[in-house]
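Contents: one structure, followed by commentary.
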Amino acid sequence: MNNVIYLLLAILFEISATSLLKVADGFSRLLPTIASIILYIFSFYCLSNCLKTIPVGIAYAIWSALGIVLLTLIGIFAFEQTPDWAAILGLLFIIIGVIVLNLFSKMGVH
């Protein structure tokens with residue numbers, strides 16, 4: 001269970017860091033840039049810890065899918081970026097792919 005918590009923390013740190021990249025404006029703003037780098041370090045630390053028991057393919061699929069969905073929502077609400085129908089369809093395919101991977105793969109989280 002701790003490894004799932006590490007995975008969720010890795011995702012939260014990564015989406016926070018990526019959101020700060022937008023605010024850092026191409027590394028032209030020092031504080032958001034430094035905060036982003038620190039959050040990426042925390043994210044990779046947590047990801048490396050969850051990989052002790054979660055297969056890398058499963059962990060990365062969950063990390064990627066949740067990261068993409070959550071960052072899309074952040075983009076909508078914080079940066080006024082509206083996804084079109086193709087983006088929404090793509091997000092749905094990603095989510096379905098991760099669900100299929102977790103439900104039907106023998107590599108699942110144990």
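The values are calculated or read from the model by the stated rules, or taken from the named source; none is laboratory data. Just so it is clear, the model here is predicted, and its values are computed rather than measured. No Cβ is skipped: glycine too gets one built from the backbone with ideal geometry, and neighbour counts run over all protein chains shown.
A few comments on the model shown:
- Taking the criterion of being outside any helix (DSSP H, G or I) and more than 25 Å from Asn3 (Cβ to Cβ), the residues of segment 53-107 that qualify are Phe79, Glu80, Gln81, Thr82, Pro83, Asp84.
Residue by residue, here is whether (1) more than 18 Å from the chain's Cα centre (by Cα); (2) not aliphatic (A, V, I, L, M) holds:
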position: Leu66; (1), (2): no, no
position: Thr72; (1), (2): no, yes
position: Phe79; (1), (2): no, yes
position: Pro83; (1), (2): no, yes
position: Ala86; (1), (2): yes, no
position: Leu92; (1), (2): no, no
position: Ile99; (1), (2): no, no
position: Asn102; (1), (2): no, yes
position: Ser105; (1), (2): yes, yes
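- Failed criterion for Cys46 (all others in (1) in contact (Cβ under 8 Å) with a residue 12 or more places away in the chain; (2) among the hydrophobic types (A, V, I, L, M, F, W, C); (3) farther than 18 Å from Val4 by Cα hold): (3)
- Remark: Leu31 matches the filter, which requires a residue to be over 22 Å from Tyr6 (Cα atoms), at pLDDT 95 or above and not in a loop (DSSP other than H, G, I, E, B).
- Residue check: Val56 meets all listed conditions (1) touching a Phe, Trp or Tyr at 6+ places or on another chain (Cβ under 9 Å); (2) within 22 Å of Val100 (Cβ to Cβ); (3) surrounded by fewer than 15 Cβ atoms within 10 Å (Cβ to Cβ) but one, namely (1).
- Meets criteria (surrounded by fewer than 15 Cβ atoms within 10 Å (Cβ to Cβ), under 16 Å from the mean Cα position of the chain (by Cα) and free of Cβ contacts under 8 Å to residues at least 60 places away in the same chain) for Ile62: no
- Filter pass, Leu47 being surrounded by 14 or more Cβ atoms within 10 Å (Cβ to Cβ) and modelled with pLDDT of 95 or more: yes
- Residues in segment 9-42 that are within 21 Å of Ile62 (Cα to Cα) and charged (D, E, K, R): Glu14 only.
- Of the criteria (1) modelled with pLDDT of 95 or more; (2) assigned to a helix (DSSP H, G or I); (3) over 12 Å from the mean Cα position of the chain (by Cα); (4) over 26 Å from Leu103 (Cα atoms), which one Val23 fails: (1)
- Candidate set: segment 65-85, residues that are surrounded by 14 or more Cβ atoms within 10 Å (Cβ to Cβ) and β-branched (Val, Ile, Thr); chosen: the one nearest to Glu14 (Cα to Cα): Ile68
- Only residues that are more than 15 Å from Leu70 (Cα to Cα) and of a type in the set (D, E, K, R) were counted across segment 1-35, and they come to 2.
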